[in-house]
Amino acid sequence: MNIRSLLSHPVLWVALVLGALSAIWYALGAPIGLITQIAIYTLYGAGVNLLVGYTGLVPFGASVFFGCASYAAAFFVLGGMGNDMVSLPLSVAFSMALALVIGAIILRRKGLYFSLLTLAFSQIAFEVAFKWTAVTGGENGLQGVERTTFSSDWSFHFFAVASLIVGMWFLWRIAHSPFGRALQASRDNEQRAMSLGYNTYLIRLGSFTLMAGIVGYAGALLTLMLQGVYANNLSWQHAGDSLLMAVLGGVHHFLGPLWGAIAFIVMENRLSALTENWWLIFAPILILFALLSPEGIQGLAMKLLRRERWTLTRDAIPARPAVIKPYESVAANLDPKKPILTTKKLSKSFGSLVTARDIDFEVYPNVLHSIIGPNGAGKTTFYNMLTGVLPVSAGEIFYQGQNITHLPIHARARLGISRSFQILSIFPNLSVFENVRVAVQAQRHGVSGLIADAHGLEAINDRTWSILDAVGLADRAAEPCTNLPHGAKRLLELAVTLAIDSKLLLLDEPLAGLAEADRRIVAALIKKLSEKHAVLLIEHDIDRVLAISDRISVLHQGRIIADGKPADVGTNPEVIAAYLGAAKDGERAAPPVAERMAHAQAKPLLDAKNIRVGYGGSTVLNGVNLLVHEGEAVALLGRNGVGKSTALRALCGTLPLSEGTMSFAGTRIDALKPYEINRLGISHVPEGRRLFPNLTVTENLQLAMRPGGISIEEAFELFPRLRTRQKAKAENLSGGERQMVAIARALMVPSKLILLDEPFEGLAPAVVNEVMEALVKLRGKVAMIIVEHHAETVLPIADRAYVLVNGTVAFEGDAAVLENDHALQARLLGVVHAEDLPAA
């Protein structure tokens, strides 16, 4: 450790801050008890933050361990079971044993239920302590707890500060240990952590128990400081004190509990001297912090210093080796003639709805086996059964001859079954390197080692670098993964999927949302991986699937209707009818010249001039001009990350402008709130649809209905499929049906302009045609801005087009001009048309 690292070490700062406070109090001649209390409550808050900041669990009642350990320490001393020093480890052991029992019960629940259950246990303990007077002393508590080892307040103070320093060092080591790294992965994305082989329930239980041990030690220290114990620390009024301190200081900062404890205890001490109603002053201060600085005191300081980041761990990764070892697959020695995965009569039903019916299926090593089918065919349900996310209703699953039908998710992952997800699934608050490293650790090391440095495991680091190099991300290893463009995030997800010594890769729409250039890169990588792995691929890009697959199976209505070589499947009439629909011959004619001329001569509806907008100080759009006429359909195109979705967010008011002006129907809107812009007639259909999952189709539409918008009946005429699904909850709809509801919902208000963000993403061609038909009907009646990464899909129905390159407009003009100029598309968009794709 160099001098700079040592001086920035947070444990050193704990020692310096407590030393400075102690010196100040000594100089003032003030009782040192207040600073001792700060030290104890810092440890209390740091223990709680092990759950909140590192594990993602919010305990409202961690005081159950603080208070019970306080009583335990008093019982041990008063009962003659040892002196004050002996009572400390005994109290810790008692607290951890209590946590194992409570945690085994309440960790079956998450979120608000977990939080309330901790509070319930704390309140039960308070009732026992307050009313069992014969044992606990009731309201008067227990006094006379002798502190034989420490003759003065100052000697005990030094011991408490030393305990805090050691405790914080221990927590810092835990944060960087294999166990701590697994905690952070589970916090960020529990489902992804399970899919890598982590037993997240046991990880959470371990964290919960460690928290109880640290909090229990702090509670025992408080008993020794007061030389007595009282029930009030268990009451609901004080149950949230430690959580409040952690939040006040900053839960995403290791030193947050220190700053929170200092602020809370000093203000409580000073304000309570002024008035017994000191909370009336303190509460507004907390409200201001919650509104102005959600990251707490340290977050505010880092924001002012323009160094905004979490400080729960070191901001560093292991050194890159001079020579990165080539990636080697553990599946290379599998017998290509024996299936690695087999299903027999596999079925799944949700009540009367059957989503998989008697599926017999085989996957072989070194084969790229694709599954295609229309939306709602049961493809993702099939994947979820293979990986253990969903239990099967009937049938069996065999992996390398072993029956895995009833194995949990993490156990299947440890066998070498890994998957990517339809919706991008990575660990958003970890670096690129750590995303992959924690996945490699899951298979090759696990979570053993509480104080070992996970970055010191050389074999794990070497494997991580090999995988990152294989997917082309080695140069971006130190970056936060949130900084990556979408295409690079997909590559990162593939790297995470590979990292668990995968033999079978289940890839769920890995090309979704990618621009053409990125699709070619990811598709080429998948094809290369299939040379050494068994690869099972779900993908809607039918041209790409036909080009790269060795074998294709087609799912329709929960059963396999075709299976074989791509050439045979692609010409199968049943497949064409079920999956492709009219996609090959159902292209929409471009608007006639007369209609385009009419739109061009229509009154301007939206006029955005020289807009500049970005996130967190960065600029995404710079000097962009957009003009939309009444009734005009405008395509907004560009590669991933150029700012298309950012432009729509700016137009609907959810992202404020840094510069520029926007007017709509003659009214300035750049200073208006989103709901005010919506009421003027701009509706946004966001990427991801964002329906209310527990409401039915009709209820989702009724919620948006306003006078002047279309009626429910008109919505069903626009999307006939919704009439048959009107009573279905949104969470049970297919992706295509959700998109239809989202568009119809935007029309329930009197919209003059609809902003459509990737309306065809993830939809089967037949469903794309249904949505396209609806947009064609709307053309001329309502203006539209359509963001789409497939130019060939949207240009035929658009009047004009804009192309964004690096945050500026690189093309503005007639959509037909761009549609017919493939060279211009290739230059601006990186588009390669299907007829130009390689055969393999």
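The values are calculated or read from the model by the stated rules, or taken from the named source; none is laboratory data. Note that the structure is a prediction, hence the values are computed from the model and not measured. When we count neighbours, we look across all protein chains shown, and the Cβ atoms used for this are built from the backbone with ideal geometry, even at glycine. Ligands, DNA and RNA are excluded from the accessible area calculation, which covers all protein heavy atoms including side chains. Shrake-Rupley method; radii C 1.70, N 1.55, O 1.52, S 1.80 Å.
When ASN189 is tested against (1) closer than 14 Å to ILE426 by Cα; (2) open to solvent by less than 10 Å² (accessible area, probe 1.4 Å), exactly one condition is not met: (2). Being within 17 Å of VAL330 (Cβ to Cβ), open to solvent by 50 Å² or more (accessible area, probe 1.4 Å) and not in a loop (DSSP other than H, G, I, E, B), is that true of even one residue in the stretch 428-439? No, because not a single residue in the stretch 428-439 is within 17 Å of VAL330 (Cβ to Cβ), open to solvent by 50 Å² or more (accessible area, probe 1.4 Å) and not in a loop (DSSP other than H, G, I, E, B).
Restricting the first member to the stretch 116-133 and to residues that are free of Cβ contacts under 8 Å to residues at least 12 places away in the same chain and part of a helix (DSSP H, G or I), and the second to residues that are charged (D, E, K, R) and open to solvent by 60 Å² or more (accessible area, probe 1.4 Å), no beta-carbon pair is closer than 6 Å while six or more apart or on different chains.
Residues in the stretch 299-333 that are open to solvent by 100 Å² or more (accessible area, probe 1.4 Å), over 20 Å from LEU7 (Cα atoms) and either among the hydrophobic types (A, V, I, L, M, F, W, C) or modelled with pLDDT of 90 or more (or both): LEU304, ARG320, ALA322, VAL323, LYS325, PRO326. Residues that are surrounded by fewer than 20 Cβ atoms within 10 Å (Cβ to Cβ) and of a type outside the set (A, V, I, L, M, F, W, C) were ranked within the stretch 517-540; the one that is farthest from ALA442 (Cα to Cα) is ARG520.
With respect to the stated conditions, ALA746 fails to be at pLDDT below 85 and of a type in the set (A, V, I, L, M). Against the list (1) among the polar types (S, T, N, Q); (2) within 23 Å of LEU529 (Cα to Cα); (3) not in a helix (DSSP H, G or I), the condition THR405 fails is (2). The set of residues in the stretch 449-464 being assigned to a loop (DSSP other than H, G, I, E, B) and farther than 22 Å from VAL166 by Cβ consists of LEU457 alone. Here is a list: ILE404, ILE397, ILE417. Which entry is free of Cβ contacts under 8 Å to residues at least 24 places away in the same chain and of a type in the set (Val, Ile, Thr)? One residue alone meets the criteria, ILE404.
Every listed requirement among (1) surrounded by fewer than 20 Cβ atoms within 10 Å (Cβ to Cβ); (2) assigned to a loop (DSSP other than H, G, I, E, B) is met by VAL354 save one, (2). Filtered by the rule that a residue be open to solvent by less than 30 Å² (accessible area, probe 1.4 Å), under 14 Å from GLY631 (Cα atoms) and modelled with pLDDT of 75 or more, the stretch 562-610 gives ALA602, LEU605, LEU606.
If only residues of the stretch 338-351 that are modelled with pLDDT of 90 or more and open to solvent by 50 Å² or more (accessible area, probe 1.4 Å) are counted, the one that is farthest from ILE417 (Cα to Cα) is LYS345. When GLU190, GLU127, GLU146 are checked against the criterion of being modelled with pLDDT under 95, under 19 Å from ASN233 (Cα atoms) and not aliphatic (A, V, I, L, M), a single residue qualifies: GLU127. When the helices (runs of 4 or more DSSP H) confined to the stretch 202-316 are screened for residues that are touching a strand residue (DSSP E or B) at 6+ places or on another chain (Cβ under 7 Å) and within 21 Å of ALA120 (Cα to Cα), none reaches at least 3 such residues.
Considering only the stretch 138-145, I want to know if a residue exists there that is farther than 23 Å from SER186 by Cβ, among the charged types (D, E, K, R) and surrounded by 12 or more Cβ atoms within 10 Å (Cβ to Cβ). Yes - at least one qualifying residue is present in the stretch 138-145. Residues in the stretch 503-528 that are in contact (Cβ under 8 Å) with a residue 60 or more places away in the chain and either within 30 Å of LYS338 (Cα to Cα) or assigned to a helix (DSSP H, G or I) (or both): 14 in all. Considered as a group, the residues in the stretch 797-812 that are open to solvent by less than 20 Å² (accessible area, probe 1.4 Å) and not hydroxyl-bearing (Ser, Thr, Tyr) include one that is nearest to VAL620 (Cα to Cα), and that residue is GLY807. Of the residues that make up the stretch 481-502, is at least one assigned to a strand (DSSP E or B) and either in contact (Cβ under 8 Å) with a residue 40 or more places away in the chain or out of contact with any strand residue (DSSP E or B) (no Cβ under 8 Å at 6 or more places or on another chain) (or both)? The answer is no, given that none of the residues of the stretch 481-502 is assigned to a strand (DSSP E or B) and either in contact (Cβ under 8 Å) with a residue 40 or more places away in the chain or out of contact with any strand residue (DSSP E or B) (no Cβ under 8 Å at 6 or more places or on another chain) (or both).
Checked against the criteria, ALA273 counts as more than 25 Å from the chain's Cα centre (by Cα), open to solvent by 60 Å² or more (accessible area, probe 1.4 Å) and not β-branched (Val, Ile, Thr). Does GLN739 count as open to solvent by less than 20 Å² (accessible area, probe 1.4 Å), of a type in the set (S, T, N, Q) and without any contact (Cβ under 8 Å) to a residue 60 or more places away in the chain? Judged against the criteria, GLN739 is a match. Of the residues making up the stretch 371-387, just one is modelled with pLDDT under 85 and hydrophobic (A, V, I, L, M, F, W, C), namely ALA377. What are the residues in the stretch 764-781 that are among the hydrophobic types (A, V, I, L, M, F, W, C) and open to solvent by 10 Å² or more (accessible area, probe 1.4 Å), if any? Matches in the stretch 764-781: ALA766, VAL768, MET772, VAL776, LEU778.
Within the stretch 108-115, not a single residue is in contact with a Phe, Trp or Tyr (Cβ under 7 Å, 6 or more places away or on another chain), within 30 Å of ALA193 (Cβ to Cβ) and modelled with pLDDT of 95 or more. Specify the residue that is modelled with the highest pLDDT; the eligible residues are those in the stretch 56-107 that are open to solvent by 60 Å² or more (accessible area, probe 1.4 Å) and either aromatic (Phe, Trp, Tyr) or not in a helix (DSSP H, G or I) (or both). So the residue we want is PHE94. Step by step: first the residues of the stretch 749-762, then only those that are among the hydrophobic types (A, V, I, L, M, F, W, C) and either touching a Ser or Thr at 6+ places or on another chain (Cβ under 8 Å) or surrounded by fewer than 23 Cβ atoms within 10 Å (Cβ to Cβ) (or both), then the one that is modelled with the lowest pLDDT. Which residue is that? The selected residue is PHE760.
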